[in-house]
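Novice: One structure is given below, represented as structure tokens, and several questions about it will come after.
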Amino acid sequence: MLKTASRAAPPPLVVGSRDHDPEHGDRPVPAPKSGRKAKERERARLTAAYAELLQEIRVAQTGVQVLLAFLLTLAFTPRFAIITPMQRYLYVADLLLTSVAASLLIAPAPFHRLVHGRELRKQLLDTSAKLAFWGLIALMLAMVTSLLLILDVVLGLHLATCLAGITLTWFAVFWCGLPYWSRRRARPRAAPAPQVKIPRQSPRNTVDEVPARHSA
């Protein structure tokens, strides 16, 4: 009788290893493509979101540049020498707020340049969004302060303060309140929990049963 030699089972192949495979030879077994495609989709999503954020920042940068140019030239006009100390303080505060707004809105550009090629797209998007938000807040305060300064020269401080307060409320409603209200309205509501009916149980007999007496 011929005895068939028992062949040992080949060791399991590890993905990405260089074990011998009859189909691939000595080449490494290719890794699954599902994880790679997921990373590519996430990278594309972050890139598109960052591009949209840059478009929004460009709109705000135009207003900052115009306001900063106006404030820088205002100090060299002949009327600037005769303004009151209160108006001078408002001018300095307005100039500082505009500079802060400009620095925050421009900050995403150098941040992107310094972290480029390091696979930090998520951190880049989150940080740029925060910088843009606080830059818009500083721009809003700078515009209101500029309005207060000009109205103080034209109408006086009392009426200028009232109009500036109304303008600040207007900006806050449309720049902050309306987006947050839209987010809250579009948030999906949680489904109500299903009501489970518990069947009523028959009341237990509270009277203790008297044990039967054993007959003598």
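The values are calculated or read from the model by the stated rules, or taken from the named source; none is laboratory data. Treat the numbers as computed from the prediction; the structure is a model and nothing was measured. All Cβ positions, glycine included, derive from the backbone under ideal geometry; neighbour counts span all protein chains shown. Surface areas here come from the heavy atoms of the whole protein model, side chains and all, with no ligands, DNA or RNA. Shrake-Rupley method; radii C 1.70, N 1.55, O 1.52, S 1.80 Å.
Novice: Going by what's in this entry, would residue 181 be described as modelled with pLDDT under 90 and surrounded by fewer than 18 Cβ atoms within 10 Å (Cβ to Cβ)? Write out each step before concluding.
Specialist: Values: modelled with pLDDT under 90: yes; surrounded by fewer than 18 Cβ atoms within 10 Å (Cβ to Cβ): yes.
Answer is yes for this residue.
Novice: For the range 50-162, give me every one of the helices (runs of 4 or more DSSP H) that falls completely inside it and has 1 or more residues that are out of contact with any helix residue (DSSP H, G or I) (no Cβ under 9 Å at 6 or more places or on another chain) and among the β-branched types (Val, Ile, Thr). Explain how you work it out, then say what you get.
Specialist: Working: elements: 85-106, 108-114, 121-155.
Once the helices (runs of 4 or more DSSP H) in the range 50-162 are filtered for at least 1 residues that are out of contact with any helix residue (DSSP H, G or I) (no Cβ under 9 Å at 6 or more places or on another chain) and among the β-branched types (Val, Ile, Thr), what remains is 85-106.
Each row is one residue, and each column tells you yes or no for (1) of a type in the set (A, V, I, L, M); (2) modelled with pLDDT under 90; (3) open to solvent by less than 70 Å² (accessible area, probe 1.4 Å); (4) farther than 30 Å from residue 50 by Cβ.
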site	(1), (2), (3), (4)
83	yes, yes, yes, yes
96	yes, no, no, no
102	yes, no, yes, no
113	no, yes, no, no
121	no, yes, no, no
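Novice: Within the range 148-177, count every residue that is hydrophobic (A, V, I, L, M, F, W, C), open to solvent by less than 70 Å² (accessible area, probe 1.4 Å) and more than 23 Å from residue 56 (Cβ to Cβ).
Specialist: Residues of the range 148-177 hydrophobic (A, V, I, L, M, F, W, C): 148-151, 153-155, 157, 159-160, 162-164, 166, 168, 170-176.
From what's left, open to solvent by less than 70 Å² (accessible area, probe 1.4 Å): 148-149, 151, 153, 160, 162-164, 168, 171-172, 176.
After this cut, where a residue has to be more than 23 Å from residue 56 (Cβ to Cβ) as well, the list is 148-149, 151, 153, 160, 162-164.
Number of matching residues: 8.
Novice: Which numbered condition trips up residue 73, out of (1) modelled with pLDDT of 90 or more; (2) closer than 26 Å to residue 160 by Cα; (3) open to solvent by 40 Å² or more (accessible area, probe 1.4 Å)?
Specialist: For residue 73, the exception is condition (1).
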